[in-house]
Amino acid sequence: MDDTILWLHGFPLSSDVFEPQRAIGGVTHVAPDLPGFGGTRPRGEMTMDGYARFALEQLDARGVAQAYVAGLSMGGYVAFSLVRLAPERVRGLILLDTRETADTEEGRRGRFEMIENVRARGMQPVADAMLPKMLTADAPRSMQNAVRDIMMSSSPEGAIAALQAMAARPDSSSLLPALTIPVLVVVGDEDPITPPADAERMARATRNGTLVRVAGAAHLANYEQAAEVNRAISGFLAACSGSAP
Ligand code: MLT
């Protein structure tokens, strides 16, 4: 049976953000929409552990015992929970534009302001604020529009639940040095949300982590520079399985 990659999307995105990664061959892709995103129903209050349990249910439903877990930003926070809850289910970790630390007080205040904005005006202010951070100014208009559409497909209730869950998430710093599985860390050179310094710190904290910095990309490096990110992931998978890429 092929290896499986479980793709966990970021906020306020959906599994559509991994569409370019479907070109990675020789693996089965499992890319769920987390509850409240991509047109799916929210499930009320959430935590990172709650999203991780939801993700594990997706693997169970497909009979997948173990998978590579690829987490993009908030999806990385979920991936850390998943590793804590069920380490035996994780064959390797792919951390895409994310960080292991919890929110600062200032970060939490920003989340609560955003919650008030979503309550008052829906997803529009979030999409407006986040689009210039997701992609560089050089990204084609069609790509900008596609990412805006993905963000606008999030439900306000789902986004509020995710903002609360992100504000409450624990620090996962102590997890990284303890990992014995292979780890790939990928970051857009121009990511203003989880900048390269975060990725460098995470890779350094692991025993055998590989860091790939992607030029010409902001927060959604996997989307804006898909060919390069796919090459890095294919090389990582090949190295993990002991075969040439
Ligand atoms: C994301 O892309 O998932 C979010 O920007 C992460 C965050 O706000 O911490």
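The values are calculated or read from the model by the stated rules, or taken from the named source; none is laboratory data. Everything numeric in this text was worked out from a predicted model, so none of it was measured. Cβ placement follows ideal geometry from the backbone for every residue including glycine, while neighbour counts extend to all protein chains displayed. For accessibility, only protein heavy atoms count, side chains too; no ligands or nucleic acids. Shrake-Rupley method; radii C 1.70, N 1.55, O 1.52, S 1.80 Å.
Some values worked out for this structure:
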{"item": "Conditions (1) within 16 Å of the ligand (Cβ to nearest atom); (2) more than 16 Å from ALA70 (Cβ to Cβ); number of the one not met by GLU200", "result": "(1)"}
{"item": "Residue under evaluation LEU176, criteria (1) in a loop (DSSP other than H, G, I, E, B); (2) surrounded by 17 or more Cβ atoms within 10 Å (Cβ to Cβ); (3) of a type in the set (A, V, I, L, M, F, W, C), criterion not met", "result": "(1)"}
{"item": "Leading residue by the ranking (most open to solvent (accessible area, probe 1.4 Å)) among those in segment 134-144 that are out of contact with any His (no Cβ under 8 Å at 6 or more places or on another chain) and in a helix (DSSP H, G or I)", "result": "ARG141"}
{"item": "Residue in segment 203-221 that is charged (D, E, K, R) and in a strand (DSSP E or B) present", "result": "yes"}
{"item": "Qualifying residue in segment 145-153 (condition: closer than 22 Å to ARG84 by Cα, open to solvent by less than 40 Å² (accessible area, probe 1.4 Å), part of a helix (DSSP H, G or I) and touching a residue at least 24 places away in the same chain (Cβ under 8 Å))", "result": "no"}
{"item": "Every pair of residues 6+ apart whose Cβ atoms lie under 6 Å, when the first sits in segment 170-197 and is in contact (Cβ under 8 Å) with a residue 24 or more places away in the chain while the second is part of a loop (DSSP other than H, G, I, E, B) and hydroxyl-bearing (Ser, Thr, Tyr)", "result": "ASP171/THR101; LEU176/THR206; LEU179/THR206; VAL183/THR206; GLU190/THR136; THR194/THR98"}
{"item": "Matching entry among ALA55, ALA23 (being open to solvent by 40 Å² or more (accessible area, probe 1.4 Å), in contact (Cβ under 8 Å) with a residue 40 or more places away in the chain and farther than 17 Å from HIS219 by Cα)", "result": "ALA23"}
{"item": "For GLU157: the one exception among (1) touching a residue at least 60 places away in the same chain (Cβ under 8 Å); (2) open to solvent by 60 Å² or more (accessible area, probe 1.4 Å); (3) not in a helix (DSSP H, G or I)", "result": "(3)"}
{"item": "Residue within segment 176-197 that is within 16 Å of the ligand (Cβ to nearest atom) and among the polar types (S, T, N, Q) present", "result": "yes"}
{"item": "Selection within segment 122-162 - within 13 Å of the ligand (Cβ to nearest atom) and among the β-branched types (Val, Ile, Thr)", "result": "VAL126, VAL147, ILE150"}
{"item": "Subset of segment 194-209 that is polar (S, T, N, Q) and within 18 Å of VAL83 (Cα to Cα) - its residue that is least open to solvent (accessible area, probe 1.4 Å)", "result": "THR206"}
{"item": "Residue that is farthest from ASP3 (Cα to Cα) [pool: residues in segment 96-121 that are among the hydrophobic types (A, V, I, L, M, F, W, C) and either open to solvent by 10 Å² or more (accessible area, probe 1.4 Å) or within 12 Å of the ligand (Cβ to nearest atom) (or both)]", "result": "ALA120"}
{"item": "Residue identified as more than 16 Å from the ligand (Cβ to nearest atom) and under 24 Å from GLN124 (Cβ atoms) among GLY26, GLY10, GLY39", "result": "GLY39"}
{"item": "Set GLY216, GLY242, GLY235: member being open to solvent by 50 Å² or more (accessible area, probe 1.4 Å) and away from the ligand (no atom under 13 Å from the Cβ)", "result": "GLY242"}
{"item": "Top-ranked residue in segment 26-43 [being free of Cβ contacts under 8 Å to residues at least 60 places away in the same chain and in a strand (DSSP E or B); ranked as most open to solvent (accessible area, probe 1.4 Å)]", "result": "THR28"}
